[in-house]
Amino acid sequence: MGKFPGDQALSAYGIAGGGNSLVVTDVTGVYGVDAADGETRWEIPADEFEERLQLPPAVAGNTAFVATGATSMTRGRTEPESTYRLYALDIANGAQRWRTSMSNDDEPAAPAGPLAVTDDAVFVVQAPITDGGRELVAYDRTSGTVQSRQSLRFVPNLASPTVAGGPRTFQQISVS
């Protein structure tokens, strides 16, 4: 396949790794990259997703997790008509394992913080569109079904790394 399109460096939203593979997301798509030589193994163009790619990916085992939706981070607003989704992709070839809509009951909820993955869950801080609150949602790592929800009284720092391990997830926060 070769290196990134046009052999140019990408302005990455994020890079996550597992084993000898990296997953890179940017405005042009999602890329599976060989960590040893930088060769692109697979790519999914951004237009194959229903909405704009959001946030850095997370990788655990042989699965990459990617969030999509139309959230304007610079203007601090979300688009009510958007569908926000969480995808699980096979890190070896980019094949979709599952996808799920992010919501709070029937209301769309935008991803509002970095993804974190444990042995059995993918954690996403979500912001329901109308009430402006935040919640930490745990999705089952193998199926994408919601395991739990917890309201948050703080706003996560979007640029901070997230560490997940054991029964706890840690993330830098801003208290308001």
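The values are calculated or read from the model by the stated rules, or taken from the named source; none is laboratory data. Not measured: the values here are computed from a predicted model. Glycine also receives a Cβ, built like all others from the backbone with ideal geometry; neighbour counts cover every protein chain displayed. Note: accessible area is taken over every heavy atom of the protein model, side chains too, but ligands, DNA and RNA are not part of it. Shrake-Rupley method; radii C 1.70, N 1.55, O 1.52, S 1.80 Å.
Some notes on this structure:
- Selected residue [open to solvent by 10 Å² or more (accessible area, probe 1.4 Å) and at pLDDT below 90] from PRO114, PRO128, PRO45: PRO114
- Contact annotation: no residue pair with Cβ atoms under 6 Å, 6 or more positions apart or on different chains, pairs a residue in the stretch 46-66 that is under 10 Å from ASP26 (Cα atoms) with a partner that is charged (D, E, K, R) and assigned to a strand (DSSP E or B).
- In the stretch 81-107, residue surrounded by the most Cβ atoms within 10 Å (Cβ to Cβ) [restricted to those that are of a type in the set (A, V, I, L, M, F, W, C) and modelled with pLDDT of 90 or more]: ILE91
- Within the stretch 13-32, the set of residues being over 13 Å from the mean Cα position of the chain (by Cα) and not in a strand (DSSP E or B) comprises GLY19, ASN20, VAL27, THR28.
- For the stretch 12-42, taking the residues that are closer than 19 Å to LEU115 by Cα and open to solvent by 80 Å² or more (accessible area, probe 1.4 Å), the one that is modelled with the highest pLDDT is identified as VAL27.
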